[in-house]
Amino acid sequence: MSTELTGTTSARINAALVAARRAAGSPAVGMVLTLVIVTDEENAHDALKAARDASTEHPSRILVVIRRPGRGPRRTESRLDADIRAGAGAGSSETVLLRLHGELAEHADSVVLPLLLPDAPVVVWWPVDAPEVPSRDPLGALAQRRITDAYAVEEPLRALDARAAAYAPGDTDLAWTRLTPWRSMLAAALDEGGAAVTSAAVESEADNPSAELLARWFADRLRVPVDRIVTDGPVVTAVRLRTSDGQIVIDRPDGPVARLSIPGQPTRTLALKVRSTAELIAEELRRLDPDEAYAAALAARVTAPSRPRDGESRETEGERRIEAQEAHDTHDQQEKNHV
């Protein structure tokens with residue numbers, strides 16, 4: 001069931017939602033959370049589709065906030081338009097597209113607040129342009145969980161630094177969520193290998209925020225030199241962990257298949273596909289507590305990414321830079337010992 005309301009109010013939208021549930025024969029609200037999506041017209045369709053797919057696992061009320069403040073010196077009339085979709089056509093969710101015109105676009109929290117499910121968690125997701133400090137944004141302040149995506153901005157690595165400076169418990173980023181399969185496989189490989197890691201290298205396309213976070217995670221958890229090597233991609237292509245027994249390598253040059261190499265064991269083939277946005281959102285909605293591992297990785301620092309020299313392989317480039325970093329650290333430690 002779909003209902004369009006022009007020049008409406010939050011109270012009328014709530015009444016329309018109740019009427020839609022009754023018409024569908026389910027007057028009780030079976031939603032577990034409210035997901036607020038703050039986006040523009042261009043990205044609203046894709047974001048809403050991903051949220052609806054995720055709602056099969058997490059039935060939710062989805063509020064899509066689309067600001068339309070108007071252009072030019074002339075003031076645009078303040079108006080709230082809504083497109084309400086509930087029942088069989090909305091899957092396991094209730095969806096409300098909220099178009100805020102004029103000055104009302106600057107007060108989206110006053111529109112959203114009456115539409116939140118009572119006594120249910122609130123998650124806010126910015127698919128593209130997120131505020132500098134999500135936790136201080138009027139909509140972000142309503143949420144227990146705030147989701148951004150550094151991959152969707154022009155300068156992802158600078159965005160990560162901004163996220164680190166503005167971090168508050170409850171913040172997370174889809175660039176971190178994309179790393180879950182990598183982190184799981186690497187943790188399992190380290191458990192199997194048993195040897196201590198002495199250095200690490202992460203290979204990816206340029207300015208990939210997931211690769212940067214993975215490198216920072218190594219720096220935080222392993223306390224070893226970490227190198228970032230730029231390849232042609234796509235996304236993260238390989239991770240190399242140097243140990244006293246040899247290298248642990250996960251190599252995914254392209255496609256959904258990766259190869260895992262552990263010293264003393266045969267090479268294995270693993271499924272490591274690039275997951276859809278719906279899968280990423282579904283994962284984030286499974287936990288609403290602060291992600292301490294993300295916070296620690298966000299705050300860590302690693303060396304700037306580099307490309308291999310002409311005629312030099314990716315492995316040689318990584319080893320050369322790691323050896324240089326280790327030599328630098330050793331020199332610093334020797335100087336401290338002489339002080």
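The values are calculated or read from the model by the stated rules, or taken from the named source; none is laboratory data. Just so you know, these numbers come straight off a predicted model, no measurement behind them. Virtual Cβ from ideal backbone geometry, glycine too; neighbours counted across all protein chains shown. Heavy atoms of the whole protein, side chains included, go into the accessibility calculation; ligands, DNA and RNA do not. Shrake-Rupley method; radii C 1.70, N 1.55, O 1.52, S 1.80 Å.
One residue is enough: does region 66-75 have a residue meeting the conditions of a type in the set (V, I, T) and either at pLDDT below 90 or touching a Gly at 6+ places or on another chain (Cβ under 9 Å) (or both)?
no
Of the residues making up region 201-238, those that are closer than 22 Å to V257 by Cα, over 18 Å from the mean Cα position of the chain (by Cα) and without any contact (Cβ under 8 Å) to a residue 60 or more places away in the chain are V202, D232, G233, T237. In region 221-268, counting only strands (runs of 3 or more DSSP E) that sit wholly within it, the ones holding 2 or more residues that are within 15 Å of T198 (Cα to Cα) span 226-230, 236-243, 246-251.
When region 112-141 is filtered for residues that are within 19 Å of I13 (Cβ to Cβ) and over 19 Å from the mean Cα position of the chain (by Cα), the ones remaining, listed by number, are V112, L113, P114, L115, L116, L117, P118, A120, P138.
Any idea which of A54, A108, A90, A82 is at pLDDT below 90 and either surrounded by 16 or more Cβ atoms within 10 Å (Cβ to Cβ) or among the hydroxyl-bearing types (S, T, Y) (or both)? Walk me through it before giving the result.
Working: A54 fails: at pLDDT below 90; A108 fails: at pLDDT below 90; A82 fails: at pLDDT below 90.
Answer to the check: A90.
If you go through region 258-278 and keep only what is more than 22 Å from the chain's Cα centre (by Cα) and of a type in the set (V, I, T), you end up with I262, T267, T269. Restricting region 219-240 to residues that are touching a Phe, Trp or Tyr at 6+ places or on another chain (Cβ under 8 Å) and open to solvent by 10 Å² or more (accessible area, probe 1.4 Å), the residue that is nearest to A304 (Cα to Cα) is V226. Among all residues of region 243-263, there is at least one that is in contact (Cβ under 8 Å) with a residue 60 or more places away in the chain and either surrounded by fewer than 16 Cβ atoms within 10 Å (Cβ to Cβ) or closer than 29 Å to W126 by Cα (or both).
Note on region 121-140: among residues that are among the aliphatic types (A, V, I, L, M) and over 14 Å from L63 (Cα atoms), the one that is surrounded by the fewest Cβ atoms within 10 Å (Cβ to Cβ) is V128. All of (1) within 20 Å of I147 (Cα to Cα); (2) in a strand (DSSP E or B) hold for P181 with one exception: (2).
Looking at L179, is it touching a Phe, Trp or Tyr at 6+ places or on another chain (Cβ under 9 Å) and either open to solvent by less than 40 Å² (accessible area, probe 1.4 Å) or among the polar types (S, T, N, Q) (or both)? First the steps, then the outcome.
Values: touching a Phe, Trp or Tyr at 6+ places or on another chain (Cβ under 9 Å): yes; either open to solvent by less than 40 Å² (accessible area, probe 1.4 Å) or among the polar types (S, T, N, Q) (or both): yes.
Yes: the conditions hold for L179.
For D207, are the conditions met, namely being of a type outside the set (A, V, I, L, M, F, W, C) and either open to solvent by 70 Å² or more (accessible area, probe 1.4 Å) or assigned to a loop (DSSP other than H, G, I, E, B) (or both)? Break it down into steps so the answer makes sense when it comes.
Working: of a type outside the set (A, V, I, L, M, F, W, C): yes; either open to solvent by 70 Å² or more (accessible area, probe 1.4 Å) or assigned to a loop (DSSP other than H, G, I, E, B) (or both): yes.
For D207, the condition - of a type outside the set (A, V, I, L, M, F, W, C) and either open to solvent by 70 Å² or more (accessible area, probe 1.4 Å) or assigned to a loop (DSSP other than H, G, I, E, B) (or both) - is met.
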